[in-house]
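Scroll down for the structure; my scribbles are underneath it.
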Amino acid sequence: FQAPAYHLILEGILILWIIRLLFSKTYKLQERSDLTLKEKEELIEEWQPEPLVPPVPKDHPALNYNIVSGPPTHIITVNGKECINFASFNFLGLLNNEKVKSAAQASLKKYGVGTCGPRGFYGTFDVHLELEERLAKFMRTEEAIIYSYGFATIASAIPAYSKRGDIVFVDEAACFAIQKGLQASRSNIKLFKHNDMADLERLLKEQETEDQKNPRKARVTRRFIVVEGLYMNTGDICPLPELIKLKYKYKVRIFLEESLSFGVLGEHGRGITEHFGINIDDIDLISANMENSLASIGGFCCGRSFIIDHQRLSGQGYCFSASLPPLLAAAAIEALNIMEDNPDIFQTLRDKCERIHKALQGISGLKVVGESFSPALHLQLEESCGSRENDVKLLKRVVDYCMNSGIALTQARYLEKEEKCLPPPSIRVVVTVEQTEQELDKAASLLKEAAQSVLN
Amino acid sequence: INHIVHNGGLYKRPFNEAFEETPMLVAVLTYVGYGVLTLFGYLRDFMRQWKIEKCQNATEREEQKDFVPLYQDFENFYNRNLYMRIRDSWNRPICSVPGAKVDMMERVSHDYNWTFTYTGRVIKDIMNMGSYNYLGFAQNAGACQEAAAKVLSQYGAGVCSTRQEMGNLDKHEELEKLVARFLGVESAMAYGMGFATNSMNIPALVGKGCLILSDELNHASLVLGARLSGATIRIFKHNNMQSLEKLLKDAIVHGQPRTRRPWKKILILVEGIYSMEGSIVRLPEVIALKKKYKSYLYLDEAHSIGALGPTGRGVVEYFGLNPEDVDVMMGTFTKSFGAAGGYIGGKKELIDYLRTYSHSAAYATSMSPPVVEQIITSMKCIMGEDGTTIGEARVQQLAENTRYFRRRLKEMGFIIYGNEDSPVVPLMLYMPAKIGAFGREMLKRNIGVVVVGFPATPIIESRARFCLSAAHTKEMLDTALKEVNEVGDLLQLKYSRRRLVPLLDRPFDETTYEETED
């Protein structure tokens, strides 16, 4: 039978159209076809980029570093002057400990300095495995994983679990490393007011109503709360028991950053979970760096194997970076030994913190920000002079006065344009076990004097 | 495709880079292999789901079973079913200094790699062809170790503060001046971690409204730094200068997408030696392009510093170029200096800006003093300032080892990727089963190699990677070559179809060309 004529014509047109499409040039949307070669060359000639970096004024406060000659221990030589150290996070005084140094020396004699490889490629040493076991045992969790850089610990841990489309509720005062981890994860970030559980509950309720509108999406969207044990920027602790209640009510996982509270809070120094008496399995992930109480370098995460093992293949700072030098791992193990053998240093540290917290009250012009048992306090101006730059200059004069009289202090440094919620300028006061009571009193009285002379 | 390029006199020496094409039969068989593994993977998952087989994965807590699952099941498919089978090739624990020979802790698995137990035995003197020990500075005795020990007893191990606060020691200032002198730049700054050097400083240099042109095969740290900066990222084909030029032209002529505003600045991200391919960046051409189109160059010399160039100053010296042409010279101390950390070198304005605005300077702890001392001593050794010629000898030894090893492997018939002068030697395996087999067979013969598969490489291009070192003597290399030859015959790895005519033993001369017969 014959096909009808219109059918054949239609098919013929279709075939011709296909042939035309096959042989026509590909169609680019962005090509501005009205530019000739000469015009393009002129554009290339004319274009002037910005300079790679803008010039930095010579007197920028962050440009001129303090130069420390010799070890940054209890008595520190800053810019040629000998001072008592109130600025290094050496809470348990382990930086200068002879046992720690000899353990590191033994490791140096056995392994040399560097590991020459990432963990996957002959960079896993028995010291790393031992340190991970010891940390897991100390914190009473199943497993721990070590990173070779404190900043990279939480900044790699968060993106390993939280991806695009997931929701993270984070405190406004979270430190910069957490902010970078959140940025790398591309998740939805919801900030709640610092330590304000009512605000957090409001956000969680809002999320719940969103979920009811779209239950299929809600079933695959992971939720996390990221908080710090002891906040670096404000010196106070998070209300962990309420957070645990919210966790089970709204089915959100908790990531806890314990850089300042590890080795400080709790009867045995296990951190904020021991301080509040909470079961450690209730926290999904605890991350801390070993650069404060343990006086080494690096960081670790601990928790259940179900959670920690995932970072061994997806933690960027773990897989793509060389492992921790063995001498630093040995130093950390010895520091842990000392922490386990002398559990009374934690109470001594807390007593000293209380003492200086009380002594610093009532300085005219400066207010103390931080809990009474926090070893890292901030001193902020009671009244700002108007601009941040002037506040920073004023605080610098206070710091210089103290340095000239033998107490080493520093201002808390931030990247002003990069922080999400920039804290006000402040002087950082750090308490360590090595400071005697006379030195604490001397520091407090010197600060009073400095405030009097500079601010009045 | 074999390139021997002398592009208009830009290159002062022959540039021999080769990436032989995958033979068709091998590619087909590799896909078949992955297909079989995937089928078995589904079967095993099915059996695990229906409890016919015991599930050995760690599982969620009982109290949290009704939370949203933390991992997608499919994300972990590769991990559970393919990676787990050959997991013993990675994370091998060692217990001695990672020099030319290393001691490994023996571990066995009784449940097909789900859990490992250590037998307590130590396998001694395994030849180490996996550690990044290019100049052999991973030593536990000698000048470097003694200096580091002295600094350790004086300064301690940690620093407990950031650079901008109280963590800037006199040692750091000394190191930075030395690094600047070594590289031939105005000024330098050092950081505690090489990965973090990239991920924290690229965001400080570029931001929104800038353009980043990044090589296809850049390292994860460069990719992360580029993403965190917020700039637009465009990728050019690996080491392909026509692709880069086209992107540069398009960018300047058309400006930003949609608004057509001109870009604020353009930054080109390249690496000196790419560690998975063994290729060297075409630096003379990149610099010519950068000057023509007024963009900035960020060179990551993680693997090439110390390993290339007649005095070990890196890829800039290798090509005989001026270090001032590279705007940002970045590198790491982990590979050739036997320490840890990274650095950035460049003009004084750049380094002053980074001292003020780098994320690492404000928030991250500074480098540990004994590590700093190791870098200072090893750098002085390479420069010859410690009064010996050890550094110079090591750089020569590495270059000789590289050329010898690569030539012999190519003669044997393996497919070797990359540039003739790069100390990173990737040997192609292709098939998934051979990845595990190669690693295990070489370990049986007391040689430790690194094997890499997906996702670090494209899925059909799995490879074994040898990292040569100045600490390897010719006898060690000959032993290794003999074993590789044996294993290559056993596993049928000699895929190369271009048989090279073996050269008569000529002295190593840079103008020697390879003779090929088809």
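What percentage of all Cα-Cα pairs in the range A:86-221 are separated by more than 24 Å?
More than 24 Å apart: 54 percent of the Cα pairs in the range A:86-221.
Say R0 is 35 Å: what FRET efficiency, to the nearest 0.05, do B:Met383 and A:Glu98 get from their beta-carbon distance?
Efficiency, rounded to the nearest 0.05: 0.50.
Can you say what percent of the DSSP beta bridges in the protein assembly as shown, counting only those with both residues inside, are antiparallel? Round to 5.
Bridges in the protein assembly as shown that DSSP calls antiparallel: roughly 60 percent.
Determine the sum of side-chain charges near B:Val223: Lys and Arg each +1, Asp and Glu each -1, restricted to other residues whose C-beta is under 14 angstrom from that of B:Val223. Display every interim value, and only then the final one.
Values: positive: A:Arg186, B:Arg227, B:Arg234; negative: B:Asp215, B:Glu216, B:Glu271, B:Asp300.
That works out to -1.
For chain A, taking Cα atoms only, what is the radius of gyration to one decimal and the Dmax to the nearest whole Å?
Rg and Dmax of chain A, Cα atoms, are 28.5, 113 Å.
For Cα pairs less than 8 Å apart in space and 6+ apart in sequence, what is the mean separation divided by the residue count of the range B:143-383, i.e. the relative contact order in percent?
Working: 464 pairs, mean separation 73.8, N = 241.
The normalised contact order for the range B:143-383 reaches 31 percent.
Would you mind computing the Rg to Rh ratio of the protein assembly as shown from its alpha-carbon coordinates, Kirkwood style for Rh?
Rg/Rh: 0.98.
Report the FRET efficiency, 1/(1 + (r/R0)^6), for A:Leu422 and B:Arg87, where r is their Cβ-Cβ distance and R0 is 45 Å, rounded to 0.05. Before the final figure, lay out the partial values.
Numbers: r = 45 Å, r/R0 = 1.01.
Efficiency, rounded to the nearest 0.05: 0.50.
Please report the Cα spread of the range A:98-341 along all three principal axes, rounded to whole Å, starting with the longest.
So the extents along the principal axes, rounded to whole Å, are 63, 38, 28.
Quick one: 3J(HN,Hα) in Hz for the range A:163-168, Karplus 6.51/-1.76/1.60 with θ = phi - 60°, rounded, Gly and Pro as x.
10, 4, x, 7, 10, 10
For chain B, what is the Kirkwood estimate of the hydrodynamic radius, computed as the reciprocal of the mean inverse distance between distinct Cα atoms, to one decimal in Å?
24.9 Å
How large is the helix-only mean residue ellipticity at 222 nm for the protein assembly as shown, computed as the sum of -39500 (n - 2.57) over DSSP H runs with n ≥ 4, divided by its residue count, in deg cm²/dmol to the nearest 500?
The per-residue figure over the protein assembly as shown is -12500 deg cm²/dmol.
For a test of understanding, tell me how many lysine pairs in the range A:152-223 have Cα atoms under 21 Å apart, given they are 8 or more places apart or on different chains.
Close lysine pairs under the 21 Å cut-off: 11.
With label points built 7 Å along Cα→Cβ from the Cα atoms of B:Asp170 and A:Glu354, find their separation and express it in nm.
4.1 nm
Each value in this text was obtained by applying a stated rule to the coordinates, not by laboratory testing. Predicted, not measured: the structure shown is a model, and the values here were computed from it. Glycine also receives a Cβ, built like all others from the backbone with ideal geometry; neighbour counts cover every protein chain displayed.
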